[in-house]
Structures are given as C-alpha cells and as structure tokens.
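Every read-out reported here was derived from the displayed coordinates using simple, explicitly stated rules and does not represent laboratory data. As the structure is a prediction and not an experimental result, all values here were calculated from the model. We place every Cβ from the backbone using ideal geometry, glycine too, and count neighbours over all the protein chains shown.
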Amino acid sequence: MLKVDRLEVSYGRSQALFGVTLEVQSGEVVALLGRNGAGKSTTIKTIMGILQPTRGSVKFKGEELAARRSCFISRRGIGYVPEDRRIFPELTVLENLEVGRKPAQTGFAVHWDLDGVLELFPPLKGLLQRKGGRLSGGEQQMLTIARSLMGNPQLLLLDEPSEGLAPLVIQMLGDQIALLKREGLTILLAEQNFYFASRISDRAYVLDMGEVKFQGSVKELREHPEVTSSFLMA
C-alpha cells in the first residue's frame, strides 16, 4: 500500500533523513521506531506532505505522492494523527469530529462514522459538548484519532501516540489500536516506546540519525537486544 524509497529530507542546510526506505502492506501495523530526534516524525510528515523531500519517492497504492500537498494526500485516503494532536480547543468534541468527516471511498470495506468512533472510544460519548481544550491528554489523543477515522482513511499515520500519557491510558490506547488492526485498517506507527509498539505491530523499522538501522518482524527485533538497547526506549 505504501512504499517509501530512498527518502532524503533537509531542514535548511541540515539533513534529517538519509535514504530512508520502507514498505507497508495492506492490513499491516508497521512500527517506525527510534529515540527522539531519530527522524520518525520527519518521515511521517514527509509522507503526509507537510515536509518536502529533497530526494526520493513516496508511493501510495502505486501513485507518486512526493512533493504533493497535504490536502491532496488526505483525499487519496491517508489519515494523520500528529504528535501534538492539533485539536481545535475552542470547538466541542462533536464539532472536532465533524470537522474530520469525509465519506468512505468506494470499494473500501471499513467505514467509520460518529457511532463507530464513539464505540471505539467510549469515554468520548459523555464529552461531546465539552470543548477540546478542556480535555485531558488521554482524551485529546482519543479525539484526534477519532477525528482522523471520521475521514475514513485507508492508511493511518500515527505519530508518537503514547507520548506524555499515563501508563493506564497507554494500555487502553494500545487496545484500541489493536482493534483498528483487527478491523483491517493499515497503520504506520511512529514510536519510541518499544514495549507499546511491539504489542500491536507486525513489523518494525528502527531509525537512528535519519537512517534505517534495522528492519524485520517484531519477533526478530526482540531477538536482537543490542538493537533495542542501542536505539530504542524499552
């Protein structure tokens, strides 16, 4: 579904990505792992068109997306949950959800609507009239994922979803992402928390200093403790 090939990205004169190559097959959850500053968010933002590559290719279902605008990429069926959540603090939860609403594309089996996202995230049911800025961190994270699902994406990009959340909230969030996986949604998950990501991911790429240092199944990654100790947060 997604193929990133030899991606290079720079911030001014400072190069951030060096030939990053990865693939995500339909129905997979793939983890993009690494410590802060490894290049995970840069990769996600470049796939989404927020950053422009200096070199390389980003193909979604065979269509080249490199250097296309984010609105175009979104219409093609990619949803994005940013690291800083980016909810609208002065809008209610219901209004935030309605902002993200888009009809499902023809031929795609999984359709999300208001009832569906509230079933996935039950705590939001009692908060529909509360303003987004008055939610807790965990509630805001649920809201931003639910808002992305209202756009009926075929591929969901999750950027550091567990960051700053309490352990019990992280556990619940992992359960909900696992449910999305069972529903057949394809997910690329950028994380530095290996334990959280390994619960729900099929395969993993490990980034360090903008380069891929490891790729393989989560099982294979567990069998290489030198990789996890060198490049990951347990």
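Listed values, structure above:
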| quantity | calculated |
| --- | --- |
| DSSP beta bridges in the chain [antiparallel fraction, %, rounded to 5] | 50 percent |
| Mean separation of Cα contacts under 8 Å (6+ apart) over length of the chain, as relative contact order % | 28 percent |
| Ratio of the Cα radius of gyration of the range 51-133 to 2.2 N^0.38 Å, where N counts its residues | 1.34 |
| FRET E, pair T21, R101, Förster distance 30 Å, beta-carbon r, rounded to 0.05 | 0.30 |
| Per residue convex hull volume, Cα atoms of the range 141-219, in Å³ | 104 Å³ |
| Gained length - R130 relative to D175, 0.36 nm times residue gap less alpha-carbon distance | 13.7 nm |
| Distance in nm between pseudo-label sites at D202 and E90 (7 Å out along the Cβ direction from Cα) | 4.4 nm |
| Net length gained if the chain between C71 and Y11 were fully extended (0.36 nm per residue, minus Cα distance) | 19.4 nm |
| Fully extended contour minus Cα-Cα distance, from L168 to M209, at 0.36 nm per residue | 11.7 nm |
